[in-house]
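Have a look at the structure below before the remarks.
Every read-out reported here was derived from the displayed coordinates using simple, explicitly stated rules and does not represent laboratory data. A quick note: this is a predicted structure, and the numbers were derived from the prediction, not measured. As a convention, Cβ positions derive from the backbone with ideal geometry for all residues, glycine included, and neighbour counts pool all protein chains shown.
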Amino acid sequence: MIHLQNIRKVFNAGQPNEFVAIEGVHLSIDAHVVTALKGPSGSGKTTLLSLLGCMARPTSGRITLKGREITSLPERFLTEIRRETFGMIFQQFNLIKGLTALENVMLPAYPKGEKHAVLKRRAMELLALLNLAGKALVRVEWLSGGEAQRTAIARALINNPAIVIADEPTAHLDSALSLEFMEIMRQLKADGKTILIASHDPIVHTSDVIDRMVEIRDGKIVSSGDGA
Ligand code: ADP
Ligand code: MG
């Protein structure tokens, strides 16, 4: 589904603080597989996720998504592909304060210009699915950590993405909520989603929801979990 070929990502290229964050990465992500990206802090997990999710461009190398070369596409195409294909769950949840849970869930769908009523119904269904129906009209700053996390998951699903990407999703959750998060991932997997989770949390690594473990260190893949 996603192929990375000889990917290199350099920050501050040509400057004294030049930093090679990703180097020589070859990686293929197959559809319907749950992949965990494991590695110490600073190893390049977030950078690699942002490349896989078409949120950043590599300095060199090729990325193809569903057979289509995307590295050279203009930004406006990339934005659309991103919105259609990926649902993102961030470590800090990145919910917009002052808005309700419902409004936050609806937000990523606004650029598609759907009817408000249709969108609202879909958002309410997702909130209900994540056991948040009663919290739809609550401003997100009043939600508990677990509720905020589930709101962020609902928001990631609003455009029905094929691929769900989560960056350190359990970092701010206790172990019970972390296990619950993995159970939600199990459901998404059963629904046919392709899932990528960057994490250094053993609860994630030991979960039987994970099909494949990719290990990264100093920007290089040290184990790609496919015997290659
Ligand atoms: P991880 O998610 O595994 O903790 P990151 O991908 O966030 O690692 O970062 C990998 C390395 O790249 C770190 O050393 C980080 O400081 C560096 N880095 C990340 N983003 C930038 C940036 N925008 N500019 C400069 N350096 C960066
Ligand atoms: Mg990170």
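Side notes on the structure shown:
- Bridging of K135 to aspartates and glutamates at a Cα separation below 15 Å is possible for E103, E125, E147, once same-chain residues fewer than 8 apart are set aside.
- Separation of the alpha carbons by more than 31 angstrom is noted, of K115/K189; K9/K66; K120/K220; K112/K193, for K120/K220.
- Between 0 and 90°, nearest 10: helix 175-190 axis offset from the chain longest Cα axis: 80 degrees
- Mean-position separation - Cα centroids, region 147-167 and region 5-23, in angstrom: 30 Å
- Inverse mean reciprocal Cα-Cα distance (Kirkwood Rh) of region 53-92, Å: 11.0 Å
- Using bins of 10 Å that start at zero, the share of Cα-Cα pairs per bin across region 71-160 amounts to 18, 50, 25, 7, 0, in whole %.
- Shape metrics for region 1-132, restricted to C-alpha atoms - Rg then Dmax, Å: 17.4, 53
- Shape descriptor for region 114-201: Rg over Rh equals 0.96 (Cα atoms; Rh from the Kirkwood inverse mean 1/r).
- Label-point gap, in nm, between Q92 and Y110 - each point 7 angstrom along Cα→Cβ: 2.0 nm
- With viscosity 1.567 mPa s and temperature 4 °C, the Kirkwood radius over alpha carbon pairs of region 151-192 converts through Stokes-Einstein to a diffusion coefficient of 118 µm²/s.
- Debye equation applied to the C-alpha atoms of the chain, log10 I(q)/I(0) at 0.08, 0.17 Å⁻¹: -0.29, -1.26
- Alpha carbon convex hull of region 168-228, volume per residue in cubic angstrom: 93 Å³
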